[in-house]
1. Cβ-Cβ below 6 Å, separation at least six or inter-chain, first residue in the stretch 7-31 and within 26 Å of Thr43 (Cβ to Cβ) and in contact (Cβ under 8 Å) with a residue 12 or more places away in the chain, second open to solvent by less than 70 Å² (accessible area, probe 1.4 Å) and in a strand (DSSP E or B): which pairs?
2. Say we look at the stretch 34-48 and pick out the residues that are touching a strand residue (DSSP E or B) at 6+ places or on another chain (Cβ under 8 Å) and open to solvent by 30 Å² or more (accessible area, probe 1.4 Å); which of these is modelled with the highest pLDDT?
3. Being in a loop (DSSP other than H, G, I, E, B) and under 16 Å from Arg77 (Cβ atoms) is the filter; apply it to the stretch 11-33 and report the residue that is most open to solvent (accessible area, probe 1.4 Å).
4. Can you tell me which condition Ile66 does not meet? The list is (1) assigned to a strand (DSSP E or B); (2) of a type in the set (Val, Ile, Thr); (3) loosely packed, with under 14 Cβ neighbours inside 10 Å, and all the others hold.
5. For the stretch 69-99, give me each residue that is of a type in the set (Ser, Thr, Tyr), more than 21 Å from Val25 (Cβ to Cβ) and open to solvent by less than 100 Å² (accessible area, probe 1.4 Å).
Amino acid sequence: MISTNHNFRGDAIPYDAAAVNKDIVIEDNVWIAANVNIIPGVTIGEGSIVGMGTTVTRDVPPLAIIGSNEQKILGHRNQEEYERAVSEGALYLKMKYGV
């Protein structure tokens, strides 16, 4: 994840010395697989899954399952099952490690 980018609109080429900072927001219960790149200013919605090797260049809707370098939405989680698990506190890392 990189939350800073170069200022290519500045007074030097290919970019100037100014840094452009934008937050990255990762909402609750998101699974980000290995080798994922996330650019500045992106929000990853609650309960979504980002597949291995994906480059995230725009916001990800809640419960979306995305993958590939084209950031395709491959499907969605079942909303009723997701909400049930959240309401019951059935969070994998909490169950596994007691945190």
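1. Between residues of the stretch 7-31 that are within 26 Å of Thr43 (Cβ to Cβ) and in contact (Cβ under 8 Å) with a residue 12 or more places away in the chain and residues that are open to solvent by less than 70 Å² (accessible area, probe 1.4 Å) and in a strand (DSSP E or B), the close pairs are Asn7/Val20; Ala19/Thr4; Asn21/Thr4; Ile24/Ile38; Val25/Thr43; Ile26/Ile44; Val30/Ile44; Trp31/Ile49.
2. Thr43
3. Asp28
4. Of the numbered conditions (1) assigned to a strand (DSSP E or B); (2) of a type in the set (Val, Ile, Thr); (3) loosely packed, with under 14 Cβ neighbours inside 10 Å, the odd one out for Ile66 is (3).
5. Once the filter is applied, which keeps residues that are of a type in the set (Ser, Thr, Tyr), more than 21 Å from Val25 (Cβ to Cβ) and open to solvent by less than 100 Å² (accessible area, probe 1.4 Å), the stretch 69-99 yields only Ser87.
The values are calculated or read from the model by the stated rules, or taken from the named source; none is laboratory data. Just so it is clear, the structure is predicted and the values come from calculations on it, not from any experiment. Glycine gets a Cβ as well: all are built from the backbone with ideal geometry, and neighbour counts include every protein chain shown. To get the accessible areas, we keep the full protein, side chains included, count just its heavy atoms, and leave off ligands, DNA and RNA. Shrake-Rupley method; radii C 1.70, N 1.55, O 1.52, S 1.80 Å.
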